[in-house]
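The values are calculated or read from the model by the stated rules, or taken from the named source; none is laboratory data. In this text, all values refer to a predicted model and were calculated from it rather than measured experimentally. Ideal geometry is used to build each Cβ from the backbone, glycine not excepted, and the neighbour counts take in all protein chains shown.
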Amino acid sequence: MPALFHTRGIVLHHVKFGETSIVARIYTERFGLQSYMIKGVRNRKARMPYNLFQTGNLLDLVVYKNEKHTLQHLKDARCEHWYTTAMQDIRKSSVLLFLTDILSKTIREEEPNQDLFGFIHQSLLKLDLTPEPVMNFHLVFLAHLVRFLGFAPRNNYSDKVRYFNMNEGEFYAGKENPGIYMEPPLTAIFSDLLRMDFGTMNTLPLSSSVRNELLGKILEYYGIHSPFTRDIKSHLILREVFA
């Protein structure tokens with residue numbers, strides 16, 4: 001018999017199933033990444049409304065857990081935090097779309113990681129609640145997320161060590177080792193970014209062209225170490241809204 005549990009969750013993606021149901025991929029605090037069949041949710045009289053399961057939503061869940069099945073079921077769900085500015089501000093909504101796209105490509109394991117869950121949860125709340133400009137938010141998020149994914153770069157940049165080997169994840173004096181490189185002067189900005197958090201993100205003044213170049217290189221770094229991220233296209237929207 002499946003057991004019942006309470007957990008928080010973050011909706012990463014959902015697809016329609018049949019006429020009224022969906023299958024949602026939700027990153028849960030208690031069980032890691034899970035797929036849930038949610039029946040009748042697209043019916044107008046559904047007990048759990050369809051908009052609960054929009055990408056990026058933060059949920060409180062009561063779930064069934066059956067160790068013999070990969071597709072699980074929900075008993076109940078409610079929204080822990082309804083987004084306000086993240087739904088009204090095109091820049092924030094574009095960042096939210098990009099972040100959940102990244103997460104859906106990088107989180108693949110059905111294993112709980114409370115530190116990672118806490119980081120994602122607090123980041124999404126911060127995105128919605130911050131009154132500050134968010135043009136660098138996604139860059140700081142990527143710089144921190146990589147620490148949980150097992151390929152965090154070594155920030156050993158200096159005036160004499162300025163070439164970042166993206167295959168090896170560290171800086172070198174030149175291109176003496178094989179690999180794909182990020183080159184100066186962009187590497188100085190990348191090194192600064194690795195030391196930043198959401199509280200200091202706007203102390204890094206970037207033109208839109210440099211921001212786009214830096215994002216492209218960071219995504220290239222992700223793609224080397226996490227191949228599922230290579231087909232991400234949502235960053236193209238960010239180029240438009242932060243132009």
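Quick notes
- The set of residues from region 204-243 being of a type in the set (Lys, Arg) and not in a helix (DSSP H, G or I) comprises just one member, LYS233.
- Residue count, region 185-243 (criterion: within 22 Å of ASP159 (Cα to Cα) and free of Cβ contacts under 8 Å to residues at least 24 places away in the same chain): 4
- In region 77-100, the residues that are closer than 30 Å to GLU67 by Cβ and part of a helix (DSSP H, G or I): THR100
- One residue alone among LYS16, LYS45 is charged (D, E, K, R) and assigned to a loop (DSSP other than H, G, I, E, B), and that residue is LYS45.
- Of all residues in region 100-119, those satisfying the criterion of being polar (S, T, N, Q) and under 19 Å from PHE137 (Cβ atoms) are THR100, SER104, THR106.
- Looking only at region 197-218, and only at residues there that are under 17 Å from the mean Cα position of the chain (by Cα) and surrounded by fewer than 17 Cβ atoms within 10 Å (Cβ to Cβ), the one that is farthest from TYR181 (Cα to Cα): ASP197
- Region 161-184 residues that are closer than 19 Å to SER226 by Cα, paired with ones that are hydroxyl-bearing (Ser, Thr, Tyr) and outside any strand (DSSP E or B) (beta carbon under 6 Å, 6 or more apart): PHE164/THR187; MET166/TYR221
- LEU103 being of a type outside the set (S, T, N, Q), in contact with a strand residue (DSSP E or B) (Cβ under 8 Å, 6 or more places away or on another chain) and assigned to a helix (DSSP H, G or I): yes
- Qualifying residue in region 52-65 (condition: modelled with pLDDT under 95, out of contact with any strand residue (DSSP E or B) (no Cβ under 8 Å at 6 or more places or on another chain) and either in a strand (DSSP E or B) or not basic (Lys, Arg) (or both)): no
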